[in-house]
């Protein structure tokens, strides 16, 4: 695919991403298996060491989970490029370059949102001000906190929805402009980051639309599978403390559920992400 500026074919890109995800699913199964084992073990360790209920631990867990994702995404991108998708020393080296690019972009987004969060926090603070006494009373009570959040949101749905939509739009815009970092890092065997910004110029809305049409169905499918697996195995819970209790009571069942859901997420959502970004990379990378 080669496209002029501002003319990314949305539906063609979506169809291409789904087609490549289906065609490479079997070949990518070993890579998904290895990455799912790594992610499942990481999550299990985080739950049993208390990292999952610690804010700093959650950040560390997110970063390390990104490395697990990179172990699958790199072979998936190679498959979309017509290269071998096997787990090898070369694919691991590419995964590390991809992970490095992810860390750079993640740090950039963190800085942007730390600055951009100031006006949003002001709005949120204003909406919570009338409920200060209830907020103090609910401190440490998960159920009471959830009920208070629902109450605050019901009373201030308009302003809070506006804040959420603005930040989602900013995140979508930035990540869409940098959407070719992953395939560029793998295809060119280097850490590719902000130099890919100009490649997506004029295509922001079309890339965003293609992402939404591809990844929302993939996310829904993985969510349904996760809900079904955790429910069938009896390990579903919304409270991190309850999740930790389940993991401690039956670690084998918890690990199996984590592995299955991670595997499904990688093959479906990760496969679509890799296929779409690579499809767009092939069309938007400037000729050399």
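The values are calculated or read from the model by the stated rules, or taken from the named source; none is laboratory data. Computed from a predicted model, the values in this text were never measured in an experiment. Reconstructed Cβ throughout: ideal geometry from the backbone, glycine too, with neighbour counts over all protein chains shown.
Being touching a helix residue (DSSP H, G or I) at 6+ places or on another chain (Cβ under 6 Å), assigned to a helix (DSSP H, G or I) and at pLDDT 95 or above: is that true of residue 255 here?
Working: touching a helix residue (DSSP H, G or I) at 6+ places or on another chain (Cβ under 6 Å): yes; assigned to a helix (DSSP H, G or I): yes; at pLDDT 95 or above: no.
In short, no.
Reported count of residues in the range 160-178, each being crowded, with 17+ Cβ neighbours inside 10 Å and either outside any helix (DSSP H, G or I) or free of Cβ contacts under 8 Å to residues at least 24 places away in the same chain (or both), is 1. Restricting 129, 116, 144 to those that are touching a residue at least 12 places away in the same chain (Cβ under 8 Å) and out of contact with any strand residue (DSSP E or B) (no Cβ under 7 Å at 6 or more places or on another chain) reduces the list to 116. Among what's in the range 237-252 and is loosely packed, with under 15 Cβ neighbours inside 10 Å and in a helix (DSSP H, G or I), pick the residue that is modelled with the highest pLDDT. Residue satisfying both the conditions and the ranking: 252. Taken over the range 179-214, residues that are buried (at least 22 other Cβ atoms within 10 Å of the Cβ) and either in contact with a strand residue (DSSP E or B) (Cβ under 8 Å, 6 or more places away or on another chain) or in a loop (DSSP other than H, G, I, E, B) (or both) amount to 4. If we scan the range 39-48, do we find a residue that is within 25 Å of residue 207 (Cα to Cα), at pLDDT below 85 and surrounded by fewer than 18 Cβ atoms within 10 Å (Cβ to Cβ)? No: zero hits. Can you say whether residue 266 is modelled with pLDDT of 95 or more, in a helix (DSSP H, G or I) and buried (at least 19 other Cβ atoms within 10 Å of the Cβ), as far as the supplied structure shows? No.
Go over the candidates 209, 221, 192 one by one and state the one that is modelled with pLDDT of 85 or more and under 22 Å from residue 67 (Cβ atoms). Give the derivation first.
Values: 209 fails: under 22 Å from residue 67 (Cβ atoms); 221 fails: under 22 Å from residue 67 (Cβ atoms).
The match here is 192.
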